[in-house]
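Report on one structure; see the data block that follows.
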Amino acid sequence: MSKLEDILENLNGFGKYQKIRYVLLCFSGLLPPIASYIHSFIAANPGYICQDTDLSIGTNLSHLFYGQGYKNRCKILKFQNKSTYYLSSSDYTNNEHNLENCKNWFYDKTYYKKTLTEQFNLVCENAIWRSFMQAVYYTGMLIGSILLGLVSKKFGQKISLIISLILLISGSLILSFVSNNSFENILNYVIIISGRFIIAIGSHGISINSYLLTMEFIGRNKKKYCALMFEFIFALGQLVLVFSAYFLREWRDLTFVILVPCLPFFLLVCLSDESIQFLSSKKDFNRIEKLLKKIAKINKTHFDDSSWKSFLSKENTDRKISTISQNSLIKPNYFVLFLISLNW
């Protein structure tokens, strides 16, 4: 336990200041699960059948969407008189030379009003692009861990969290205002995966930084309980998403679920204090002292000047001692770093 953490413990490890900070920042943990699992709803794969000019949209097609009479939803048979009909398993065997790929589909509207899958026809031979969209998202999470980790080290967790929120808001806006043109316009698809990529970077940055900023001010006796409750917030975010998806059946409307809580969280983060551990690593003792006195005032406890002077004396002594840098610790352990990457 460092001396700075001892001082925080003496100022009431879970006082009024820590409780307010915990509640305000902890609920930013709602955003990452919403951003991660919203793909299951906005790009859901409803039932579909090949579009036939002889069938009207108003016809009850539920038996064709999910029934056994329709074996292949990606092919149709075409005859010389230009008529078409749906392909069953026996038709597929006997008339393979007459097969044609479907160009348009009817989609089941029972559960979803409009999804990305329907809007851009991400079915059959285009289904791979639906999976690719989510693969890009998780790539963004990996890159976000690296980039925002470097930002946190250089500028602090507060700045990194603000940047993460800006990225999440920007990606959601990009996704919300994408054109309604068909999937054949590749630009629309690039815009969609770009928006998801940006959201992934921001959501993972929020997950990491909000946890660090929330937990570092809490005393050691309460820290394990607060860490456990933080995980419940993740589950609560999933429930919020499911509840929202039940009432918002159009994918564009559902994307605004991410935007709604982002704005108040952005203001709260801007008004919050910087990480005290980051300030300590930068040797910004003036800001640390002001922050500790602020905590003491809010918690209605006494700020011990003697403990603070002892901490400063110890820090000044440690600065004269040659220490091993972080980079020198990492360089000889490439194999360990590789194993950690696999674990992620």
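Every number here is computed from the coordinates shown, using simple stated rules; none is lab data. Owing to the predicted nature of the structure, the values given are computational and were not obtained by experimental measurement. Positions of Cβ are generated from backbone atoms using ideal geometry, with glycine treated the same way; all protein chains shown enter the neighbour counts.
At 0.36 nm per residue, and after removing the present C-alpha to C-alpha distance, how many nm does the segment from GLU125 to MET229 gain when stretched out fully? Provide the component values of the computation, followed by the final result.
Working: separation 104, 0.36 × 104 = 37.44 nm, distance 4.39 nm.
Roughly 33.1 nm would be gained on extension.
Between LYS222 and TYR37, what FRET efficiency follows from the Cβ-Cβ distance if R0 is 41 Å, with the result rounded to 0.05? Working shown, then result.
Values: r = 30 Å, r/R0 = 0.73.
Here the calculated transfer efficiency is 0.85.
With 0.36 nm allotted per residue and the present C-alpha distance subtracted, the LYS154-TYR111 stretch has 10.8 nm of extension available. A full extension of the chain between SER306 and LYS290 corresponds to an added length of 4.2 nm, given 0.36 nm per residue minus the alpha carbon distance. The ranking of TRP105, TRP251 by Cβ neighbour count inside 10 Å, starting from the fewest, reads TRP105, TRP251.
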